[in-house]
Amino acid sequence: MQRSLLHSFRTTARLGASRTRLYSTGQHKYDTSSVDSQKTVSFGFKNVPEDEKESLVRGVFDSVASSYDLMNDASSLGVHRLWKDEFVSSLRPGRKGPMRCIDVAGGTGDIALRILDSAREKYADRETTVEVVDINAQMLKEGHRRFKKTMYHNTPQISFHEANAQELPQDKFEDNSYDLYTIAFGIRNCTSIPAVLQEAHRVLKPGGTFACLEFSRVNNPLLSAIYDQYSFSIIPLMGTILAGDRDSYQYLVESIRKFPPQPTFAQMIRDAGFFTGKDLDGGAWTDLWGGIASVHTGVKV
């Protein structure tokens with residue numbers, strides 16, 4: 001498996017007004033003395049120029065696409081599968097009739113498949129549709145491969161689209177057109193979370209639901225200490241042993257820690273125009289396993 005672009009990212013000098021820095025993404029290098037004046041965003045625990053994050057994240061997921069489930073298994077001890085089941089079950093797709101759904105950053109199709117299965121098995125709904133959107137072509141290939149094994153292959157119920165969650169093409173993803181927008185373990189990798197939320201609000205119908213499943217903030221000090229020890233010691237080691245890619249798994253751990261805590265993210269959802277519950281577990285969000293992951297929902301008003 002190719003090494004991720006994260007492996008080749010290097011900072012060769014410390015921050016300083018009179019110092020220059022050399023960055024490498026594995027594809028090109030550039031020398032800049034003005035990076036301190038550029039807008040930067042987090043890429044794990046590093047700060048990088050805003051316009052570079054997308055390519056760096058793409059490199060990570062190009063590297064792990066074929067072992068993405070393995071990556072999530074490593075980070076959650078396999079529990080991510082139960083979380084995804086609970087996430088989709090809580091949304092009850094098909095309960096009020098066929099729905100038009102969009103699953104963003106969902107290239108491997110695992111959420112889309114759960115939505116279609118849940119609608120069919122619980123509500124005899126064979127008309128709900130899911131449009132899977134991902135910026136990464138390799139992840140979408142994994143989704144195509146997965147759906148070839150299902151009854152939904154080559155039906156109108158599923159489609160795959162390569163697009164940026166921050167700028168969904170309006171000719172394909174029109175205003176006020178979806179009943180349900182889902183994004184699972186993907187929003188923290190986006191350069192601008194507010195831009196993603198604004199696009200979600202744009203494409204949802206009034207009354208439509210935004211639902212996000214994401215690694216979150218553990219509030220219990222003992223559990224947090226155990227989780228940190230596991231995350232920073234075991235997960236990168238698993239990446240080395242199981243996938244030959246320590247750096248992508250190291251990024252995974254760091255990106256989780258940089259994601260906003262539950263009340264902050266809930267406010268970001270409201271700022272995008274959604275209505276949420278109160279700022280507490282069981283209100284604006286639902287914590288899973290003590291906050292290792294959380295489900296956030298909002299309704300377009």
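Miscellaneous remarks
- From the list Asp179, Asp175, Asp117, the one residue that fits, being more than 16 Å from the chain's Cα centre (by Cα) and farther than 23 Å from Gly273 by Cβ, is Asp117.
- Number of positions in region 81-105 that are touching a residue at least 60 places away in the same chain (Cβ under 8 Å) and either on the phi > 0 side of the Ramachandran plot or not assigned by TED's automatic domain parsing to the domain that holds Ala293 (or both): 1
- None of Arg100, Arg95, Arg146, Arg114 is farther than 19 Å from Thr297 by Cβ and either in contact with a Cys (Cβ under 8 Å, 6 or more places away or on another chain) or not β-branched (Val, Ile, Thr) (or both) except Arg146.
- Each residue in region 139-166 was checked for being of a type in the set (S, T, N, Q) and under 21 Å from Val196 (Cα atoms), and 3 pass.
- When the residues of region 162-191 are filtered to those that are among the hydroxyl-bearing types (Ser, Thr, Tyr) and modelled with pLDDT of 95 or more, the one that is surrounded by the most Cβ atoms within 10 Å (Cβ to Cβ) is Thr182.
- Residues in region 192-224 that are touching a Cys at 6+ places or on another chain (Cβ under 9 Å) and modelled with pLDDT under 95: there are none.
- Lone unmet requirement of (1) over 18 Å from the mean Cα position of the chain (by Cα); (2) in a helix (DSSP H, G or I); (3) closer than 27 Å to Thr276 by Cβ for Ala200: (1)
- The condition (being crowded, with 17+ Cβ neighbours inside 10 Å, modelled with pLDDT of 95 or more and among the polar types (S, T, N, Q)) is satisfied by just one residue among Thr129, Thr108, Thr155: Thr129.
- Helices (runs of 4 or more DSSP H) within region 205-301 that include 2 or more residues within 20 Å of the chain's Cα centre (by Cα): 235-238, 246-258, 262-271
- Only listed residue being of a type outside the set (A, V, I, L, M) and over 22 Å from Asp110 (Cβ atoms), chosen from Asp245, Asp281: Asp281
- Search result, residues across region 91-118 that are closer than 23 Å to Cys190 by Cβ and small (Gly, Ala, Ser): Ala105, Gly106, Gly107, Gly109, Ala112
The values are calculated or read from the model by the stated rules, or taken from the named source; none is laboratory data. Keep in mind that this is a model prediction, so the values were computed, not measured. Please note: Cβ atoms are built from the backbone with ideal geometry, for glycine as well, and neighbour counts cover all protein chains shown.
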